[in-house]
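Each value in this text was obtained by applying a stated rule to the coordinates, not by laboratory testing. What you see is a predicted model; the values in this text were computed from it and never measured. Here the Cβ positions follow ideal geometry from the backbone for every residue, glycine too, while neighbour counts run over all protein chains shown.
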Amino acid sequence: MRKTSLNAQILAGVLAGLLLGLGLSLLGKESTVAQAGLYIAELVGTLFIDLLKMVMIPLVFTSIAVGVANLRAHRQMHKVWKATLGFFIFSMMLAILLGLTAANLVRPGAGLQLAMFQDAMQGFRAEQMALSDFFAHFLHSLFQNPMTALAQGNVIAVVVFALLLGIALVVGGERYANILILLQELLELMLMLVGWIMRLAPIGIMALLLKLAATQDAALLATLIEFIAVVVTTTLLHGMVVLPLILYLVTGMTPLKFWRGAREALITAFATSSSSATLPVTLRCVEQHLHVKRDIAGFVLPLGATLNMDGTALYEAVAALFIANLAGIELNLMQQMIVFLTAMLAAMGAPGIPSAGMVTMVVVLQSVGLPAEGIAILLPIDRLLDTFRTAVNVEGDMVGSLVVQKWVGHEQHINEH
Ligand code: ASP
């Protein structure tokens with residue numbers, strides 16, 4: 001008998017997790033069964049994330065170094081990085097535009113009483129972060145002693161170091177060929193480990209979703225339903241219409257084909273709320289199911305996991321307008337343009353970890369004089385919203401790698417004539 005496919009098992013895990021989680025929440029917080037269930041779910045879910053994070057840093061390091069070395073050797077690096085950054089900025093701009101338009105039309109939070117949230121806001125002290133400090137902080141985080149960066153799991157600093165190493169490997173030429181081969185083999189080994197870890201994905205994802213479903217506060221969700229609806233609808237619109245449309249127009253790939261290949265990564269992103277932890281799965285999906293060349297995927301995806309965040313950019317913009325509405329402040333066109341720009345910076349500066357977007361949102365709020373304490377209102381529902389935005393963040397990276405591959409390949413084709 002044929003073994004059930006991993007995909008089917010993962011889908012079963014999603015369903016079982018959500019249903020069991022809802023079941024546990026019906027039992028109530030005091031029930032011993034619910035407490036034991038939650039404890040086990042937390043343990044198993046975190047272990048799954050730990051395993052992904054274990055391979056993530058060596059994987060990022062090797063895939064970028066090898067990818068850059070190979071691209072440079074084939075004189076494609078120039079085109080690839082331009083296409084990559086161009087796509088990241090373009091898709092995030094579309095996402096923010098979508099979010100701002102919807103938030104202006106629906107005006108979530110306009111009728112709500114700020115007084116309702118007074119308690120939450122009083123106990124909350126947002127860290128002050130001026131735009132200039134934020135920018136300086138971001139720049140400093142780019143360059144770090146590689147050992148520290150590897151040990152601390154600072155993805156962006158690992159990316160930068162691996163990028164430089166990859167370039168040096170090519171500039172150095174034949175003399176360093178052995179190191180390149182070594183890195184290549186290390187990368188293959190890491191991908192093998194990812195394959196093993198993915199066998200645990202059904203159970204890990206089940207545990208993560210069980211905990212998510214069991215710990216939602218229904219009353220709070222009901223109060224903020226309008227805001228949640230705007231965020232979820234626009235995020236889904238971006239993920240299910242805008243990104244697939246770009247993909248189809250550029251590469252001719254149909255959405256169904258894309259989703260079938262991308263499914264494992266999208267579900268893992270949804271369950272873990274972390275683009276970085278999902279990265280091993282993203283790389284695997286894009287290479288094995290969507291047939292992006294390893295060099296391009298190895299460059300675009302790790303960079304995208306930290307820089308390209310469509311879901312986060314959209315969220316930051318909508319949330320800023322929501323807090324403005326709550327506080328009864330009308331943002332004019334100029335201020336909304338500032339929100340547009342800072343939301344993009346805040347999304348790029350957010351690392352791919354759960355709720356990172358919440359932290360960098362202080363920058364957006366402060367840039368237009370909104371109370372940073374407003375974040376306290378959003379924190380309790382963030383785990384829920386982070387699911388959708390992380391999935392769309394990861395989807396944007398995958399679409400990006402396909403689009404970049406097409407652009408680079410296409411230009412090469414033209415040059416040949
Ligand atoms: N959790 C998101 C991610 O990893 C970042 C965010 O909080 O928006 O992509």
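If we count other beta carbons within 10 Å of each Cβ, what is the order of D217, D386, fewest first? Write out the running numbers ahead of the final one.
Working: D217 12, D386 26.
Arranged by neighbour count, lowest to highest, D217, D386 become D217, D386.
By the compact-protein rule of thumb, 2.2 N^0.38 Å, the alpha-carbon radius of gyration of the stretch 58-116 corresponds to a ratio of 2.00.
Using the Karplus relation 6.51 cos²θ - 1.76 cosθ + 1.60 with θ = phi - 60°, the per-residue 3J(HN,Hα) values for the stretch 207-220 come to 5, 5, 6, 4, 5, 4, 5, 7, 10, 7, 9, 4, 5, 5 Hz, with x marking Gly and Pro. Here the stretch 310-329 and the stretch 242-279 have alpha carbon centers that stand 25 Å from each other.
Helical content of the chain, expressed as a calculated mean residue ellipticity at 222 nm, amounts to -26500 deg cm²/dmol (DSSP H runs of 4 or more residues, -39,500 (n - 2.57) each, divided by residue number, nearest 500). Potential lengthening of the chain between E185 and L131 amounts to 15.2 nm, from the contour at 0.36 nm per residue minus the alpha-carbon distance.
State the three equivalent ellipsoid semi-axes of the chain, derived from the C-alpha gyration tensor as the square roots of 5 times its eigenvalues, in descending order and whole Å.
Details: eigenvalues 242, 142, 82 Å².
Calculated on Cα positions only, the semi-axes equal 35, 27, 20 Å.
If packing is taken as the average count of other Cβ atoms within 10 Å, what order do 5-15, 43-53 fall into, highest mean first? Provide the component values of the computation, followed by the final result.
On the way: 5-15: 15.5, 43-53: 18.3.
Those peptides, ordered most packed to least, come out 43-53, 5-15.
Spherically averaged projected area of the convex hull of Cα atoms, the stretch 244-325: 6.3 nm². Computed from backbone phi with θ = phi - 60° and the Karplus coefficients 6.51, -1.76 and 1.60, the 3J(HN,Hα) list for the stretch 59-76 is 5, 4, 4, 6, 5, 6, 4, 5, x, 5, 4, 5, 5, 5, 4, 9, 6, 10 Hz; x is used for glycine and proline. Measuring between alpha carbons in the structure, the pairs from K82/K293; K53/K406; K82/K406; K53/K257; K53/K79 lying more than 25 angstrom apart are K53/K406; K53/K257; K53/K79.
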